[in-house]
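The values are calculated or read from the model by the stated rules, or taken from the named source; none is laboratory data. No experiment lies behind these values; they were computed from the predicted model shown. Methodologically, a virtual Cβ is constructed for each residue, glycine included, from the backbone with ideal geometry; neighbour enumeration extends over all protein chains shown.
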Amino acid sequence: MDDYMFKSYVADCKVAQEATSYLEIFNYSDPTLSTVEEHRFRLDELPDEFGNFCHRRGAFAPPKLKPGVSLLSGIRLILQQNAKHPETFTPSYISLSHSNYTLMVRALKLPFRGIESTSVVGPFFWCALDPDVDPSSSSTPPNLQLIFRKSDVRKKGLTRGWELMLSHDFSTGITTGFAKGTPSSDMVTAIRHLKECAGQVLHPFLLPIIVLSHDLSAKNDQKQRDAREWLRKLEHAVSMRNEVLEEEAQYIKDNMVDLDQINRDLVECHSQVLWKRPQAYLEIVRVMKEGMGEFWAIVDGMMDSDGGGSRYRVGGETGKVHRSMLARLEFYRAKLNGIENYAHTTLERLGIQRAALYNIIAQKESKLSLKMAGEQRRLAHNAKRDSSSMKTLSLLGAIFLPATYLASVFSMTFFDFNDNNNHSRNNGPVSSGGGGEERENQVVSPDLWIYFVITVPLTLLIVLIWRIWDKRRDKKYEAEDADIEKGIEAMEQQIMTAMRKRTLSKVRTWEVGKF
């Protein structure tokens, strides 16, 4: 099944070609013969060079050793240390041609499942004995296979990560494998350290632990320290401590705290704390320790039965390396637990500051809502005043409109209340002076002054009464306005008091210098 799945996955993958080189380290019983070689593949000049390396033929064939000289350990790697293709760590992409990738995996006895790990996220480690080999059919155990990789999402259009596929042969003491890393990884440095530790390559976990040590470098610790320092600044800004407001000018805008900037920085600080969370690496450390235990159990059994385990016994070097690696993994476990506790405290404090910031924003929004509600109440009261004024005008119109209407009606020509007309009907027409034309007598009553004497005082009296009434109404409105303002202020004070009980106070409740 594994063979079929491997063929299927390789056929579905696309190719992102990368510059490829090889590394060979061999340790012999005669130290003068030990070699460390790293070169680029010259596929344009020697198209068979890649196949010759995988099958150890041609220039890569094992050398003839002098009598009494034996191979103790070795490592043979295909390297892509500066993978730069934008898709190099994209799922379902391989960085060798289909034929060369298949040749590499089969010839170097690498795990078939490695092709299925192109889509895994975050740090990933897997270790097991070759499932295609029956341990009972051979005097030596099957190859120990490892997959260790980490890939990330795109950043600035490029994928990031590194990958290791290794296979350790117990019968020869040689570890074969494939290593790839982008420039953002520490693969170049890890390979350099591997060459410095060439005498210890018998242990197949040497390179994975070197890579892990670089991935858990001091950069991660510094990230957490920087995040905690950033958190302190945010705490000072949120709690509005006077001396900090003078220091943290980036959070002050127009003499006010920039809540939007604080909110953005809280989010960014949170993401920085979550960078390389220790839980995944703690799991990797645990699985590595289990894999090392399985490796050492096989080595211990081989040494007891002397079934090819003599190379692991020479000088006790392998045992020292093994114990050193276990101690290092235990150190990483303690370190990761400390980082986890430190990050947990930072996240808890970030949560408190975020809640406090939301309460402050809610307070400001509540104040704005109260102001809007107060303005709306004032507008409603003014509208009520306007309606009262219109009511007054309607009342005045209702009082004077009937009399005005009647006066207009009775002043029409259809009605004649002039005594001179009656006189002319009884005595005949009166001729106009000198012209001989008839005209009616036009008489202005001498009592016309009575109309003005009554109308003017009456109008003034009505206006005076209305004016007195209007002033009393204004005083009443002023009293109502004062009551409205008091009610708005009292309502705002009650709401703000209730909200302050659930948020931070601007006043300190402790002495900073006391602790």
- Query: Among the numbered criteria (1) at pLDDT below 90; (2) in contact with a Phe, Trp or Tyr (Cβ under 8 Å, 6 or more places away or on another chain), which single criterion is violated by Met104?
  - Reply: (1)
- Message: Based on this model, can you work out whether Ser185 counts as of a type in the set (Ser, Thr, Tyr) and either under 22 Å from Gly74 (Cα atoms) or surrounded by fewer than 19 Cβ atoms within 10 Å (Cβ to Cβ) (or both)?
- Response: no
- Can we say Gly293 is modelled with pLDDT of 75 or more and either outside any helix (DSSP H, G or I) or not basic (Lys, Arg) (or both)? yes
- Note on the structure: Expected output for the stretch 272-288 (first residue in contact (Cβ under 8 Å) with a residue 24 or more places away in the chain and on the phi < 0 side of the Ramachandran plot, partner hydroxyl-bearing (Ser, Thr, Tyr) and buried (at least 16 other Cβ atoms within 10 Å of the Cβ), Cβ below 8 Å, 6+ apart or cross-chain) is Val273/Thr346; Tyr281/Tyr332; Val285/Tyr332
- Out of curiosity, is Leu96 within 30 Å of Lys276 (Cβ to Cβ) and at pLDDT 85 or above? yes
- In the stretch 348-380, the residues that are among the aliphatic types (A, V, I, L, M) and surrounded by 16 or more Cβ atoms within 10 Å (Cβ to Cβ): Leu350, Ala356, Leu357, Ile360, Leu370
- Message: Suppose we keep only residues that are part of a helix (DSSP H, G or I) and among the aliphatic types (A, V, I, L, M) within the stretch 4-20. Which one would you say is modelled with the lowest pLDDT?
- Response: Met5
- Failed item, numbered, when Arg232 is tested on (1) buried (at least 17 other Cβ atoms within 10 Å of the Cβ); (2) out of contact with any His (no Cβ under 9 Å at 6 or more places or on another chain): (1)
- How many residues are surrounded by fewer than 20 Cβ atoms within 10 Å (Cβ to Cβ), out of contact with any Lys or Arg (no Cβ under 9 Å at 6 or more places or on another chain) and either in a loop (DSSP other than H, G, I, E, B) or hydrophobic (A, V, I, L, M, F, W, C) (or both) when one looks only at the stretch 70-108? 6
- Message: I need a count of the residues in the stretch 289-298 that are within 14 Å of Leu329 (Cα to Cα) and touching a residue at least 60 places away in the same chain (Cβ under 8 Å).
- Response: 3
- Task: Filter the stretch 39-54 for residues that are within 22 Å of Leu207 (Cα to Cα) and surrounded by fewer than 16 Cβ atoms within 10 Å (Cβ to Cβ) and give the result.
- Result: His39, Arg40
- Are any residues in the stretch 155-190 in contact with a helix residue (DSSP H, G or I) (Cβ under 9 Å, 6 or more places away or on another chain), of a type in the set (Gly, Ala, Ser) and either in a loop (DSSP other than H, G, I, E, B) or not assigned by TED's automatic domain parsing to the domain that holds Leu206 (or both), and if so, which ones? Gly173, Ser185
- Could you tell me whether Leu103 is out of contact with any strand residue (DSSP E or B) (no Cβ under 9 Å at 6 or more places or on another chain), over 22 Å from Val287 (Cα atoms) and hydrophobic (A, V, I, L, M, F, W, C)? yes
